[in-house]
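Quick notes on the structure that follows.
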Amino acid sequence: MNNKDLKKVVESALDEQKVPHVKLRKIGASKVDVASLTKPSKETRQEYWGKGLTYFAIILIIILVASIIGFIGFHGLETFTKDHVNIFHFLTSSDWDPGEGKNHVGAAAMIVTSFAVTLLAALVATPFAIAVALFMTEYSSKKGARFLQSVIELLVGIPSVVYGFLGLTVIVPFIRNIFGGTGFGILSATLVLFVMVLPTITSLTVDSLKAVPSDYRKASLALGATKWQTIYKVILRVASPRIMTAVIFGMARAFGEALAVQMVIGNAVLMPANLVSPSATLTSQLTSQMGNTVMGTLPNNALWSLALLLLIMSLVFNFLVRLIGKRGQK
Amino acid sequence: MEDIITSKDVHLSYGNVEALHGISLDFEEKELTALIGPSGCGKSTFLRCLNRMNDDIPNIHITGDIKFEGQNIYDSKMDLVELRKEVGMVFQQPSPFPFSVYDNIAYGLRIAGIKDKELIDHRVEESLKQAAIWKETKDNLDRNAQAFSGGQQQRICIARALAVRPKVVLLDEPTSALDPISSSEIEETLLELKHEFTFIMVTHNLQQASRISDYTAFLMNGDLIEYGKTADMFMNPKKQITSDYLNGRFG
């Protein structure tokens, strides 16, 4: 039906209208621009645009993520498929010298060091983070909390290379003086990471404490509880799933930190004998060696395997966060 | 009957704004006193003064005399924790902790340092019975208190407040967040308990005040307008403004 016909239909409908008080003609129904009504309006086109734009961005991101995972997975697995390294050997042997052939590709030392550094850093940082968060939410004034918040944001914003540099100039000599040896090792890395994960854990813990309804505080105080009793018997208990999530986020950060760790860990791929012997983490080995290998060779593929391991670990951390989040909702 | 809480010329101001302009009101022991009045008249504020729940509000200034069993509760030597064990409180929103029913009721006892398991068991049962929620909870004391309905949660909160055996329980609009059936159940609970404990209840619901309270205090704009036996006040209000309010001419 073309516009002329449509107009005719409208006209005749107006002539026939039996409800006299609805004066369509007066409000200019006959002047209705039928052409513009039958075409999508400007707003509709904007709608299409906006929708299209978000879809485009999402598809791009999905392709990007899929290709990153695919690329790392492909090269990481080549060590086992093409170079025939035994996967069990890779995970349990601490003999790391991929240039020497497939029997010298063992990542156990790095895996152990990575986990040791991560766990120790989280273990040291968590009590401090909870204390700072409690101070910010329960004790300090709003002004003080805002000030601390900006300090924490500042700590997050400092580039990791600066932390590494500080660690190298301050912590390593300090440890060398106290424990002897080189000063490089897990202890130094733990201390550097402690400062780096502290703000992460703190700010997430602050969020979790703020999410505890103030009704609980009032109810507890009204029952004759002291402030501290309220904190450790109600607030921390209610917030604990989310605090656990905060700790795991901190651990994910510690596990993935490369540069700062590389600067203080010593970079010797050895099973750590103690906390002050030089060692290497998965990430530090990647950063220090990636420039020294040729694409497609076993040493290079072995590094990709380390990357794959890191990827899997970050998935595990994500999964843990989800799991604890779900538990907390119950 | 004796007065358990007495207040004399209580002024309270937030910053420069005075919210209570000198309230003198005595509460009888083992009776239920209702505080009524239009929104913003200061009745909840006044209620919170009675166990010092206003203390944490910044810029608050309270003068006057509030005595609990003859002791000035705003005295610097007053032990806040002890006071709140004697003067408990139930809030408008049911606020059980997200723990088991048992842990909720036992909370007040445990923080008071009671470790005797038998005593706690006994008190939990007794308080739940007093709050008329024992039937619903006795078979699932381990269940999360927040899994119960709103009215049940509020009765769990009442039981939690009763477990520490307070002398006075302050109720801040305990039924206004509940449906009519749950409200009437709470009312029944209070009616049964009102001669074992002293209740002071803020309510918006005039019918509720007339149904369950023994004494009523009418507050407006931070002043106490009229106070007396509920029956007398509802039948023969002494002041015109009280009569107007009770008859719904404003508020």
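In whole Hz, what ³J(HN,Hα) sequence does region A:146-153 give by Karplus (6.51, -1.76, 1.60; θ = phi - 60°), x for Gly and Pro?
In residue order, the calculated couplings are 5, 4, 4, 4, 6, 4, 5, 5 Hz.
Working from Cα positions, state the angle (0 to 90°, nearest 10) between the long axis of helix B:180-193 and the longest principal axis of chain B.
Helix B:180-193 sits roughly 90 degrees off the main axis of chain B.
Apply the Karplus curve 6.51 cos²θ - 1.76 cosθ + 1.60, θ = phi - 60°, to the phi angles in region A:227-243 and return the couplings in whole Hz, x for Gly and Pro.
Taking θ as phi minus 60°, the curve returns 4, 5, 4, 4, 5, 8, 9, 10, 5, 5, 5, 5, 7, 4, x, 6, 5 Hz for region A:227-243.
For region B:133-251, calculate the relative contact order in percent as a whole number, restricting contacts to Cα pairs under 8 Å that are 6 or more residues apart.
Working: 101 pairs, mean separation 20.0, N = 119.
It comes to 17 percent, rounded to a whole number.
In straight Cα distance, which lysines are under 29 Å from A:Lys102, not counting same-chain residues fewer than 8 positions off?
A:Lys82
Whole-Hz Karplus ³J(HN,Hα) for region B:128-139, in order, using 6.51 cos²θ - 1.76 cosθ + 1.60 and θ = phi - 60°, x for Gly and Pro?
Listing the rounded values in order: 5, 5, 4, 7, 6, 10, 4, 4, 6, 10, 4, 8 Hz.
Considering only the other residues whose Cβ falls under 13 Å of the Cβ of B:His11, what net charge follows from Lys and Arg at +1 and Asp and Glu at -1? Mind showing how you got there, number by number?
Working: positive: B:Lys8; negative: B:Asp9, B:Glu18, B:Asp65, B:Asp223.
It works out to a net charge of -3.
Which FRET efficiency value, to the nearest 0.05, do you get for B:Arg211 and B:Glu69 by plugging their Cβ-Cβ distance into 1/(1 + (r/R0)^6) with R0 = 30 Å?
Working: r = 29 Å, r/R0 = 0.96.
For R0 = 30 Å, the calculated efficiency reads 0.55.
Return the long-range amide H neighbours of B:Ile225 (sequence gap of 5 or more, or a different chain), with a cut-off of under 5 Å between placed amide H atoms.
Long-range HN contacts for B:Ile225: B:Phe218, B:Leu219, B:Met220.
State the answer as a single residue: which of A:Ala122, A:Ala133, A:Ile61 lies farthest towards the positive end of the charge dipole of chain A, with beta carbon charges of +1 for Lys and Arg and -1 for Asp and Glu, about the Cα centre.
A:Ala133
Run the simple label-point estimate for A:Lys326 and B:Lys138 please: 7 Å along Cα→C-beta, distance reported in nm.
3.8 nm
As a test, work out the antiparallel percent of DSSP beta bridges whose residues both lie in chain B, rounded to the nearest 5.
Numbers: 26 of 43 bridges.
Rounded to the nearest five, the antiparallel share is 60 percent.
Taking B:Lys117 as the anchor, which lysines have their alpha carbon closer than 21 Å to its alpha carbon, excluding any fewer than eight residues away along the same chain?
Candidates past the 8-residue exclusion: A:Lys233, B:Lys85, B:Lys129, B:Lys138.
Would you mind telling me the antiparallel percentage of the DSSP bridges in the protein assembly as shown, rounded to 5?
Close to 60 percent.
Going by a ≥ b ≥ c, the root eigenvalues of the Cα gyration tensor, does the protein assembly as shown fall in the rounded group (a/c under 1.5), the prolate group (a/b larger than b/c) or the oblate group? Don't jump to the answer; show the numbers that get you there.
On the way: a/c = 2.72, a/b = 1.42, b/c = 1.92.
It comes out oblate by the Cα gyration axes.
Tell me, what is the percent relative contact order of region A:210-330, built from C-alpha pairs under 8 Å that lie six or more residues apart? Provide the component values of the computation, followed by the final result.
Values: 93 pairs, mean separation 29.7, N = 121.
25 percent.
What is chain A by shape, rounded, prolate or oblate, if you read a ≥ b ≥ c off the alpha carbon gyration tensor as root eigenvalues and call it rounded for a/c under 1.5, prolate for a/b larger than b/c, and oblate otherwise?
Working: a/c = 3.33, a/b = 1.64, b/c = 2.03.
Oblate, since a/c reaches 1.5 and b/c is not below a/b.
With angles folded into 0 to 90 degrees, how steeply does helix B:150-163 sit against the dominant principal axis of chain B? Use alpha carbons for both and round to 10.
Once rounded, one gets 90 degrees.
Starting from 0.36 nm per residue, how many nanometres of slack lie between A:Ser141 and A:Phe88 once their C-alpha separation is accounted for?
Numbers: separation 53, 0.36 × 53 = 19.08 nm, distance 5.52 nm.
The A:Ser141-A:Phe88 span can extend by a further 13.6 nm.
Taking the 0 to 90 degree range and rounding to the nearest ten, how far is the long axis of helix A:298-329 tilted relative to the main principal axis of chain A, both from C-alpha atoms?
It is inclined by approximately 60 degrees.
Summarise the partner chain shielding of A:60-69 as one whole number: the mean count of Cβ atoms from other chains within 10 Å of each residue's Cβ. All intermediate terms of the calculation are to be shown ahead of the outcome.
On the way: counts 0, 0, 0, 0, 0, 0, 0, 0, 0, 0.
Mean inter-chain Cβ contacts per residue within 10 Å come to 0.
Report the net charge of residues surrounding B:Ile120, where surrounding means a beta-carbon distance below 11 angstrom and charges are Lys +1, Arg +1, Asp -1, Glu -1. Spell out each step's value before the answer.
On the way: positive: B:Arg110, B:Lys115, B:Lys117, B:Arg123; negative: B:Asp103, B:Asp116, B:Glu118, B:Asp121, B:Glu125, B:Glu126.
Result for the local shell: -2.
Once you order the gyration tensor axes a ≥ b ≥ c over the Cα atoms, which shape class does region B:84-173 get: rounded for a/c under 1.5, otherwise prolate or oblate by comparing a/b with b/c?
Working: a/c = 1.58, a/b = 1.03, b/c = 1.54.
Here region B:84-173 falls in the oblate category.
Laboratory data are not the source of any read-out in this text; all were calculated from the coordinates shown. What you see is a predicted model; the values in this text were computed from it and never measured. Because the Cβ atoms are built from the backbone with ideal geometry, glycine has one as well, and the counts that use them run over all protein chains shown.
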